[in-house]
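First comes the structure, then the notes that go with it.
The values are calculated or read from the model by the stated rules, or taken from the named source; none is laboratory data. This is a predicted model, so every value here is computed, not measured. Every residue, glycine as well, gets a Cβ built from its backbone with ideal geometry; the counts of neighbours run over all protein chains shown. Keep in mind that these areas ignore ligands, DNA and RNA; they rest on the heavy atoms of the full protein, side chains included. Shrake-Rupley method; radii C 1.70, N 1.55, O 1.52, S 1.80 Å.
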Amino acid sequence: MNRFFKTLLLALCITSLLFTIGCSQQSSQEVASAEQERVALKIGTLSTFEPVIPWIEEEMKELGYDIEHIVFDGHTLPATALGNKEIDGLFHNHKPWIETFNSLNSTNLVVPEPYITYGPLAIYSLKHDSVEDIPQNAQFALMGDPTNMERSLIILQDVGLITLGDKTGEFYSIIDIEENPKNIRILETESATTVRSIEDVDAVIVYAHRMMQASLDPTSYIYADPESANYPQSLVVNEGNENEQWVIDFLAITQTESFRDKFNEYYQGSYILYE
Amino acid sequence: MDAEFWSVFFRYFDRVIGPSIFATLRMISAIMIIGTLFGFIVAVLLILYGPYGLDHRPRLYKILDFLVNSIRSFPVLILIVAMSPVTKQVMGTTIGERAAILPLAIAATAFIARLLENSFIEVDKQLIEAAQSFGATSIQIVFRVIVKESIPSMISTLTLTAITFLSATTIAGAVGGGGLGAVALNYGYQSFNNVILYTCVLILFIMVWFIQFIGNLLYKRSQ
């Protein structure tokens, strides 16, 4: 028992020591940046765009900004942190998502122009070369969550495979399918696993980025949704900050030729930069 | 609660909830049949080869014990995705109901094996010794004494497993298995449709209640 308490005490000492060191380091950093009159910025992101931030970070350093990028692991986390002003900007969620987030929470997040990029949602197939080739009773794997399901069903309607009637619920779902001449069978999957089913079904509707993650060609789609460009993923800031110099500088860097080259080389067409 | 509400509700029921009830029932039945069969065999081997076993074989026991422990250490969702190459080989697909059944049945096998082993161990040692003194063989002792004595506890074990794996089937939506869990999440929670969400919960509640009812009934009969 005595030994147990000693170990516990030791563990507590070490933790508190580490904590103190951690805190003091942070404060000394803040002092240093203040002395040089540099602007410290915190940008939140998720793993998808994590590689992009260091490219911007480098360029921003020369302009007198020190960017610290924080990688979150949930879609709502960076937006929540930005709403609480714990970070200065985020680069992950698309604009319609941010607008919904604003309406559900009391935040005023804005997406200043020029926009950076968008991820195409498209039909991919390893078995068929075009939409016309899709046979009777073909099986489609779609992302099962309501927003993606709605967009995927609209794509199926756009290519003429199904027609949708009136919306029954908040979103279009399979119960709203009115005509289905080819008797397309729809498999609802978890959005992270949809692309994995590509070998088992006739076609999938996924984001190009998922194809890249699965080591498949993101540009090999048989139909890409033209609506995708209306879902810009760009720098998001709090309202009132959109005209600040750092925001203008940040976005200017994303428009440079060297940035575009790096971006396109890395994302191989799974994310498209706005012209 | 006007007529329009009900017509929408029945449309959901007809095209979404109804099929998912059958999907859930098919999955849980398949899982329980496969899991009980193999779980029982593994449990008998564990009790035969185990440290207090009639035919103690430490090495074989350790291998079996290790396998059961390894499978039991996977959270169900992780087991489903981690096993997908095996699922592809065995079932020919990595998606849909069939793809969900294999990993869940394997998880159920390990779960049932461990619980049944525990019930078998509880059987009175004196009974076994008595049977041995009559010259009964190991196989006779296992089936005529140990299994027979632990039938009530086997029934409660299987009831418990059925309810545990009923909730595990709600995870099958991850691989496109459908079922009530996927409907509750996609058509209910994420679509802001509480009617669908709680209808699914209510159906699951009825299923759990029914399984427990049958379990209790059989338990009483077996005593």
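Of all residues in segment A:106-137, which are touching a His at 6+ places or on another chain (Cβ under 8 Å) and crowded, with 17+ Cβ neighbours inside 10 Å?
As a first pass, look at segment A:106-137 and keep what is touching a His at 6+ places or on another chain (Cβ under 8 Å): A:118-119, A:134-135.
Residues satisfying the conditions are A:Y118, A:G119, A:I134.
Is it the case, given these coordinates, that A:L187 is out of contact with any helix residue (DSSP H, G or I) (no Cβ under 6 Å at 6 or more places or on another chain) and surrounded by 19 or more Cβ atoms within 10 Å (Cβ to Cβ)?
Answer is yes for this residue.
Of the residues in segment B:48-75, how many are assigned to a helix (DSSP H, G or I) and either within 30 Å of B:T170 (Cα to Cα) or not hydrophobic (A, V, I, L, M, F, W, C) (or both)?
Going through segment B:48-75 one residue at a time, the tally reaches 14.
Enumerate the pairs (first residue in segment A:56-69 and under 12 Å from A:E37 (Cα atoms); second residue anywhere and open to solvent by 20 Å² or more (accessible area, probe 1.4 Å) and among the acidic types (D, E)) with beta-carbon separation below 9 Å, excluding pairs fewer than 6 apart on the same chain, so at least 6 apart or on different chains.
Filtered contacts from segment A:56-69: A:L63/A:D249; A:G64/A:E37; A:Y65/A:E57; A:Y65/A:D249; A:D66/A:E57.
Out of the residues in segment A:139-175 that are within 9 Å of chain B (Cβ to nearest Cβ) and assigned to a helix (DSSP H, G or I), state the one that is most open to solvent (accessible area, probe 1.4 Å).
This residue is A:T147.
Taking segment A:176-196, which residues are without any contact (Cβ under 8 Å) to a residue 24 or more places away in the chain and either within 8 Å of chain B (Cβ to nearest Cβ) or of a type in the set (D, E) (or both)?
A:D176, A:E178, A:E179, A:T193, A:R196
When you check B:L104 against the structure, is it under 15 Å from the mean Cα position of the chain (by Cα), open to solvent by 30 Å² or more (accessible area, probe 1.4 Å) and modelled with pLDDT of 90 or more, yes or no? Walk me through it before giving the result.
Details: under 15 Å from the mean Cα position of the chain (by Cα): yes; open to solvent by 30 Å² or more (accessible area, probe 1.4 Å): no; modelled with pLDDT of 90 or more: yes.
No.
Restricted to segment B:176-223, and to residues that are in a loop (DSSP other than H, G, I, E, B) and among the small types (G, A, S), which residue is surrounded by the fewest Cβ atoms within 10 Å (Cβ to Cβ)?
Filtering segment B:176-223 for residues that are in a loop (DSSP other than H, G, I, E, B) and among the small types (G, A, S), the one surrounded by the fewest Cβ atoms within 10 Å (Cβ to Cβ) comes out as B:S191.
Test of understanding: among B:Y198, B:Y187, which residue is within 11 Å of chain A (Cβ to nearest Cβ) and of a type in the set (F, W, Y)?
B:Y187 is the lone residue from the list that is within 11 Å of chain A (Cβ to nearest Cβ) and of a type in the set (F, W, Y).
Do we have B:I146 as open to solvent by less than 30 Å² (accessible area, probe 1.4 Å), modelled with pLDDT of 90 or more, in a helix (DSSP H, G or I) and out of contact with any Gly (no Cβ under 7 Å at 6 or more places or on another chain) here? Give the steps one after another, and end with the answer.
Numbers: open to solvent by less than 30 Å² (accessible area, probe 1.4 Å): yes; modelled with pLDDT of 90 or more: yes; in a helix (DSSP H, G or I): yes; out of contact with any Gly (no Cβ under 7 Å at 6 or more places or on another chain): yes.
Criteria met by B:I146.
Before we move on, is A:V204 within 14 Å of chain B (Cβ to nearest Cβ), at pLDDT 90 or above and not in a loop (DSSP other than H, G, I, E, B)?
Working: within 14 Å of chain B (Cβ to nearest Cβ): yes; at pLDDT 90 or above: yes; not in a loop (DSSP other than H, G, I, E, B): yes.
Answer is yes for this residue.
Restricting attention to segment B:160-180, report how many residues are within 11 Å of chain A (Cβ to nearest Cβ) and in contact (Cβ under 8 Å) with a residue 40 or more places away in the chain.
Residues in segment B:160-180 being within 11 Å of chain A (Cβ to nearest Cβ) and in contact (Cβ under 8 Å) with a residue 40 or more places away in the chain: 8 in total.
Can you tell me how many residues in segment B:128-143 are outside any loop (DSSP other than H, G, I, E, B) and open to solvent by 70 Å² or more (accessible area, probe 1.4 Å)? Even if it seems obvious, please write down each step before you answer.
The initial filter retains those residues of segment B:128-143 that are outside any loop (DSSP other than H, G, I, E, B), namely B:128-133, B:138-143.
Filter once more, keeping what is open to solvent by 70 Å² or more (accessible area, probe 1.4 Å): B:129, B:132-133, B:139-140, B:143.
Qualifying residue count for the region: 6.
Among B:V86, B:V68, which is the only one that is in contact (Cβ under 8 Å) with a residue 24 or more places away in the chain and more than 14 Å from chain A (Cβ to nearest Cβ)?
Result of the check over B:V86, B:V68: B:V68.
Check off (1) of a type in the set (S, T, N, Q); (2) outside any helix (DSSP H, G or I); (3) surrounded by 14 or more Cβ atoms within 10 Å (Cβ to Cβ) for A:S228 and give me the number that stays unchecked.
Going through (1) of a type in the set (S, T, N, Q); (2) outside any helix (DSSP H, G or I); (3) surrounded by 14 or more Cβ atoms within 10 Å (Cβ to Cβ) one by one, A:S228 breaks only (2).
Among the candidates B:S153, B:S138, single out the residue that is away from chain A (no Cβ under 14 Å) and farther than 25 Å from B:I106 by Cα.
Being away from chain A (no Cβ under 14 Å) and farther than 25 Å from B:I106 by Cα holds for just one of B:S153, B:S138, which is B:S138.
Look at B:D14 and say whether it is within 14 Å of chain A (Cβ to nearest Cβ), out of contact with any strand residue (DSSP E or B) (no Cβ under 8 Å at 6 or more places or on another chain) and open to solvent by 80 Å² or more (accessible area, probe 1.4 Å). Steps first, answer last, please.
Numbers: within 14 Å of chain A (Cβ to nearest Cβ): yes; out of contact with any strand residue (DSSP E or B) (no Cβ under 8 Å at 6 or more places or on another chain): yes; open to solvent by 80 Å² or more (accessible area, probe 1.4 Å): yes.
Taking the combined requirement at face value, the residue satisfies it.
Report, by residue number, each residue of segment B:89-101 that is within 18 Å of A:E188 (Cβ to Cβ), more than 11 Å from chain A (Cβ to nearest Cβ) and either of a type outside the set (A, V, I, L, M) or open to solvent by less than 20 Å² (accessible area, probe 1.4 Å) (or both).
B:A100
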